[in-house]
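Before any comments, here is the structure.
The values are calculated or read from the model by the stated rules, or taken from the named source; none is laboratory data. It should be emphasised that the depicted structure is a prediction, and the values quoted were computed from it without experimental measurement. Cβ coordinates were reconstructed from backbone atoms using ideal geometry, including for glycine residues, and neighbour counts include every protein chain displayed.
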Amino acid sequence: MSLLRVSNLSMSFGGVKAVDDVSFDVNPGELLALIGPNGAGKSTCFNIVNGQLRPTRGSVTLDGHELVGMRPRDIWRRGVGRTFQVAATFNSMTVLENVQMALVSHEKRLYGLWKRAASHFEEEAIALLDQVGMATHAQRACSVLAYGDVKRVEMAVALANRPKLLLMDEPTAGMAPQERNDLMALTKRLAIERNIGVLFTEHSMDVVFASADRMIVLARGKLIAQGDADTIRNDANVQAVYFGTGKTFRPHATLSRDIPKGSHE
Ligand code: ADP
Ligand code: MG
């Protein structure tokens, strides 16, 4: 059975159909990229799955359990994690402290209290930091980290909650190309090791083709194609919406009036 099943999802804002009858699945251990031009409805899909938005119609199930109507916090408890959802205090703590705090919060979620002193989470926190390649930075203040390293700590924080599904809306925004590939390669390795399904958006088609197992393409709220890299590259509908080198997704000229200048990335 699929981990996440999105069925006939629609979301209207006033007269705008931001998401229009979209259905797709995410399997455990799979990286599914949600791609499409700005305004295609990608973030709206994410925000419905995580409970920030309630869809006009449709269903979202995790392990067969309906998520529509649940509060974001309860959806998170069920195992839908997000990166880039770190605490407001993130920068005031060390790398290690941030991951320890996430582990404490996970134990609270399981037992309604934490049974161990925060210091006892240290070993587990170091192990998580080791998995994201940040163990040697454990004692550093998060405020002094390089951008790519902050993303790795955020990944460790997300993993502390033992997610079944990880939602990553533009995780590599602001990163250099090599950093993007590194972060998605790390995500892919962790998804396989921990059997986590990952739903992500990404602007660079190089990165998408290198990391995603499968992709779905949205345009003006509608799902216009899905499949592996070859299927997407050769899809006539996708080519009608995008043209270019195959390296970067460039919106077609007829769609460009929908795309505010400079809002891309
Ligand atoms: P993407 O993430 O693919 O760029 P979005 O999901 O952010 O696209 O937006 C899809 C469409 O829905 C756009 O036309 C956008 O203007 C509209 N939209 C998104 N959020 C809201 C909102 N809260 N209120 C009104 N319109 C919205
Ligand atoms: Mg978006």
For region 41-53, pairs from a residue that is among the β-branched types (Val, Ile, Thr) to a residue that is near ligand 2 (Cβ under 9 Å from one of its atoms) and in a helix (DSSP H, G or I), with Cβ under 7 Å and 6 or more apart or across chains, are none
Within region 39-60, of all residues that are basic (Lys, Arg) and more than 13 Å from ligand 2 (Cβ to nearest atom), the one surrounded by the fewest Cβ atoms within 10 Å (Cβ to Cβ) is Arg54
Taking region 162-174 and keeping residues within 25 Å of Ile126 (Cβ to Cβ) and either modelled with pLDDT under 90 or in a strand (DSSP E or B) (or both) leaves Leu166, Met168, Pro171
Residue pairs qualifying under the 7 Å Cβ cut-off, at least six apart or on distinct chains, with the first in region 1-25 being at positive phi and the second being of a type in the set (Gly, Ala, Ser) and within 14 Å of ligand 1 (Cβ to nearest atom), are Asp21/Ser10
Going through (1) surrounded by fewer than 17 Cβ atoms within 10 Å (Cβ to Cβ); (2) on the phi > 0 side of the Ramachandran plot; (3) within 15 Å of ligand 1 (Cβ to nearest atom) one by one, Gly36 fails only at (1)
In region 10-33, anything within 13 Å of ligand 1 (Cβ to nearest atom), modelled with pLDDT of 95 or more and among the β-branched types (Val, Ile, Thr) is listed as Val19, Val22
Of all helices (runs of 4 or more DSSP H) fully inside region 184-265, the set with 1 or more residues that are surrounded by fewer than 22 Cβ atoms within 10 Å (Cβ to Cβ), in the same structural domain as Arg5 (by TED's automatic domain parsing) and modelled with pLDDT of 90 or more is 205-211, 229-233
Val99 vs (1) in the same structural domain as Asn237 (by TED's automatic domain parsing); (2) under 20 Å from Met168 (Cβ atoms): all pass except (1)
